[in-house]
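See structure below.
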Amino acid sequence: MRRFKEFLIEKIILLNGFACILFVILIFFFLAKDGLTLFKTVSPWHFLFGTLWNPLAEPPQVGILPLFLGSLIVTLGATVISVPLGMACAIFIGEIAPRWIRELLKAGVELLAAIPSIVIGFIGMTMLGPIVKNLFHLPTGLTALTGSLALAFMAIPTIVSIMEDAISSVPRSYKEGSLALGATHWQTIHRVIIPAASSGIVAAVMLGIGRVIGETMAVMMLTGNASVLPKTILEPVRTMTATIAAEMGETVRGSEHYFALFALGLVLFVITFFINLAADAALHQKQK
Amino acid sequence: MKTVNRKRKIINFIMVSIALLCAIVTLIPLFNIFLYLISKGITSVNLDFFTHLPKPVGEAGGGMANAITGTLLLIALASLWAVPIGVFAGVYLAEFGDYKIATIIRFTADVLTGVPSIVIGVFAYALFVLPMKSFSVLSGAFALGFMMIPSIVRPTEEMIKRVPHTLREAALAVGISRAKTTIHIVLRTAMPGILTAVLLALARIAGETAPLLFTAFGNRFWSHSLTEPIAALPLQIFSYAIAPYDDWHRQAWAGALVLIALIFLITLISRLILAAKFKYRTAY
């Protein structure tokens, strides 16, 4: 009886250990099951490279290129803003700031990370939108740039905390050696610490991008949701995530629209999967 | 020689200043947000807000009592199923997993962390809402749980790995079985750390909106069973924020303030637990 109980506990732990694998497979399976059904009626080429997303038209147009480019432009914008700022922040927190400021800033960054995207979106609507509108004399403040700014703000905490970890895990002796040779503080940071922490820095950037590309609520509230091919960053765009969020509730099960939204979810899943794979590969390089 | 020295000192000064400037530029909006949120929300947070249902369109007043209870119920149910799975998965990784399998599990946990929340929503919609033919509390709790699990697994593993090996050896040496050692000795020692991880996971999902859009769905009234749609604070904030009524905007600000306060409270508690643990640690 006791043996049996032992056996049971170990098996339960084993089973839970496999839960993560099971869930990833389940998510993929459920998305693929309905998502791939779309390709019975629509060619993958038209789905991936079609320039028109109008699933309620007759016949439905389900080209995701405008949505993909919408996601891309918002993500690129956010990355361009958040990576340099985040990196400078991480360097400041990890290398330059005195101890008490460091603890204070780390707590601040943690709070920043805890603000839900819905709140960021709401504040962006009332604060950021009008600023962008007046600054560039636009008809609307809800543009790709507005979304990028808000998303940069959400990506910075992720980037800062992972980069800061990478920077502070560089052995102290490297820094001391460099300073002893007469290098200035900046030369030490630039030539010794950043190269030594590079794999962690790459991983931080990848995970930041991953967070941005999957963001839904703030993007839906701030980018204007126009499913057209974006030409500049000052136009309304519509992202893949916002499309699913806006349309999933009102589609009919089994319609082409429904399958297209699942296929879109599958595309998002695959993209974030590979971003994680890249981040993982970067981190493992470090361990070797 | 001297000019070279001066040049690099100037560069040093400039670059360090830039880093400082960037840190300030990043943190100013943070404090700005808090001040803005408090100034907008505080005037609408009153007793009615916590005790009344939303009023129909056009009538002023009302509150978000159902949304606040809804959010609490959803995160409670989500933890009910997700916490045991997450913790045991962490135990498996730290204590039992062989290298290859553990690597795969860690990778899938990271993938699960990275899956966009809206995709989790779609998944829960297909898995629960469509077969049950109704939006429901349960489907919302499941969606949130999927988001909790990965953020519990990895920290739990870390915490368990920090338990001194001598404790395990002592337990095994007096004849306690491996399973019992794991549950009664290792898990108990790592408990404060695990609790912190669980609370941080809770703080992370409490503000999630996207996974609830087509699972919990939202409700303007009280929900009477677990198979009915239910209101949640983030959902309510969303629908009020995009509505054109000033009164609803006021309520949305109040909701945002309450939501952030809830999240910060959970984060604060987790910090206190960790601080208490370290005090205890240094005692022996």
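The values are calculated or read from the model by the stated rules, or taken from the named source; none is laboratory data. All of these numbers come straight from a predicted model, not from anything done at the bench. Neighbour counts run over all protein chains shown; Cβ positions are idealised from the backbone, glycine included. Side chains are part of the model used for accessible areas, which takes the heavy atoms of the whole protein and leaves out ligands, DNA and RNA. Shrake-Rupley method; radii C 1.70, N 1.55, O 1.52, S 1.80 Å.
Tally up the residues in region B:239-259 that are more than 10 Å from residue A:122 (Cβ to Cβ) and open to solvent by 10 Å² or more (accessible area, probe 1.4 Å), please.
Qualifying residue count, region B:239-259: 11.
Anything in region A:183-200 that is buried (at least 17 other Cβ atoms within 10 Å of the Cβ), in a helix (DSSP H, G or I) and away from every other protein chain (no Cβ under 14 Å)? List them, or say none.
A:196, A:199, A:200
Test residue B:40 against the stated conditions and say whether it is outside the structural domain of residue B:258 (by TED's automatic domain parsing) and either open to solvent by 30 Å² or more (accessible area, probe 1.4 Å) or among the small types (Gly, Ala, Ser) (or both).
Yes: the conditions hold for residue B:40.
Among the candidates A:123, A:159, A:131, A:118, single out the residue that is under 23 Å from the mean Cα position of the chain (by Cα) and without any contact (Cβ under 8 Å) to a residue 60 or more places away in the chain.
Answer to the selection: A:123.
Among the residues of region B:151-158, are any among the aliphatic types (A, V, I, L, M), touching a Gly at 6+ places or on another chain (Cβ under 8 Å), closer than 19 Å to residue A:213 by Cα and facing chain A (nearest Cβ under 8 Å)?
Looking through region B:151-158, none of the residues is among the aliphatic types (A, V, I, L, M), touching a Gly at 6+ places or on another chain (Cβ under 8 Å), closer than 19 Å to residue A:213 by Cα and facing chain A (nearest Cβ under 8 Å).
Filter region B:58-84 down to the residues that are closer than 30 Å to residue B:151 by Cα, touching a Phe, Trp or Tyr at 6+ places or on another chain (Cβ under 9 Å) and open to solvent by 10 Å² or more (accessible area, probe 1.4 Å) and list them by number.
Hits for region B:58-84 are B:68, B:69, B:77, B:81.
Taking residue A:180 as the residue in question, decide whether it is crowded, with 18+ Cβ neighbours inside 10 Å and hydrophobic (A, V, I, L, M, F, W, C).
Answer is no for this residue.
Do the conditions hold for residue B:145, that is, is it more than 8 Å from every other protein chain (Cβ to nearest Cβ) and touching a strand residue (DSSP E or B) at 6+ places or on another chain (Cβ under 7 Å)?
no
What are the pairs, 6+ residues apart or on separate chains, where a residue within region B:241-270 that is under 19 Å from residue B:209 (Cβ atoms) has its Cβ under 7 Å from a residue that is charged (D, E, K, R) and open to solvent by 40 Å² or more (accessible area, probe 1.4 Å)?
Between residues of region B:241-270 that are under 19 Å from residue B:209 (Cβ atoms) and residues that are charged (D, E, K, R) and open to solvent by 40 Å² or more (accessible area, probe 1.4 Å), the close pairs are B:253/B:40.
Anything in region A:22-43 that is open to solvent by 90 Å² or more (accessible area, probe 1.4 Å) and either facing chain B (nearest Cβ under 7 Å) or closer than 27 Å to residue B:103 by Cβ (or both)? List them, or say none.
Hits for region A:22-43 are A:22, A:25, A:28, A:29.
Name the one entry in A:144, A:166, A:155, A:150 that is within 14 Å of chain B (Cβ to nearest Cβ) and more than 26 Å from residue B:254 (Cβ to Cβ).
After applying the criteria, what remains is A:155.
Does at least one position in region B:224-238 carry a residue that is closer than 19 Å to residue B:34 by Cβ, in contact with a helix residue (DSSP H, G or I) (Cβ under 7 Å, 6 or more places away or on another chain) and open to solvent by 60 Å² or more (accessible area, probe 1.4 Å)?
No - not one qualifying residue is present in region B:224-238.
Considering only residues that are among the small types (Gly, Ala, Ser) and modelled with pLDDT of 65 or more, which ones fall in region B:268-284?
If the condition is that a residue be among the small types (Gly, Ala, Ser) and modelled with pLDDT of 65 or more, then B:270, B:275, B:276 are the ones that fit.
Looking only at helices (runs of 4 or more DSSP H) that lie completely in region A:62-181, which have at least 2 residues being among the acidic types (Asp, Glu)?
In region A:62-181, the matching helices (runs of 4 or more DSSP H) lie at A:99-114, A:144-168.
Is it true that residue B:166 is more than 19 Å from residue B:84 (Cβ to Cβ) and away from every other protein chain (no Cβ under 11 Å)?
Here the answer is yes, as residue B:166 does meet what is asked.
Identify all residues within region B:93-124 that are open to solvent by 10 Å² or more (accessible area, probe 1.4 Å) and at the interface with chain A (Cβ under 7 Å from one of its Cβ atoms); write none if there are none.
Residues satisfying the conditions are B:96, B:97, B:104, B:107, B:108, B:110, B:114, B:117.
Could you check how many residues of region A:78-93 are open to solvent by less than 10 Å² (accessible area, probe 1.4 Å) and either at positive phi or more than 10 Å from chain B (Cβ to nearest Cβ) (or both)?
Count: 1.
For the structure I just gave you, tell me whether residue B:55 is open to solvent by 20 Å² or more (accessible area, probe 1.4 Å) and not assigned by TED's automatic domain parsing to the domain that holds residue B:227.
Considered against the rule, which asks whether it is open to solvent by 20 Å² or more (accessible area, probe 1.4 Å) and not assigned by TED's automatic domain parsing to the domain that holds residue B:227, residue B:55 comes out as no.
Output the number of residues of region B:159-184 satisfying the condition of being touching a residue at least 60 places away in the same chain (Cβ under 8 Å) and open to solvent by 50 Å² or more (accessible area, probe 1.4 Å).
Summing the residues that are touching a residue at least 60 places away in the same chain (Cβ under 8 Å) and open to solvent by 50 Å² or more (accessible area, probe 1.4 Å) in region B:159-184 gives 1.
Going by the conditions given, is residue B:117 over 21 Å from the mean Cα position of the chain (by Cα), in the same structural domain as residue B:227 (by TED's automatic domain parsing) and of a type in the set (Ser, Thr, Tyr)?
Spelling it out, it is not the case that residue B:117 is over 21 Å from the mean Cα position of the chain (by Cα), in the same structural domain as residue B:227 (by TED's automatic domain parsing) and of a type in the set (Ser, Thr, Tyr).
Right, residue A:19: of a type in the set (Gly, Ala, Ser) and either more than 12 Å from chain B (Cβ to nearest Cβ) or on the phi > 0 side of the Ramachandran plot (or both) or not?
In short, no.
Which condition breaks for residue B:39 when tested against (1) among the small types (Gly, Ala, Ser); (2) part of a helix (DSSP H, G or I); (3) in contact (Cβ under 8 Å) with a residue 12 or more places away in the chain?
(3)
Listed here are the residues, each with its yes/no results for (1) open to solvent by less than 10 Å² (accessible area, probe 1.4 Å); (2) within 10 Å of chain A (Cβ to nearest Cβ).
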{"residue": "B:186", "(1), (2)": "yes, no"}
{"residue": "B:194", "(1), (2)": "yes, no"}
{"residue": "B:202", "(1), (2)": "no, no"}
{"residue": "B:205", "(1), (2)": "yes, yes"}
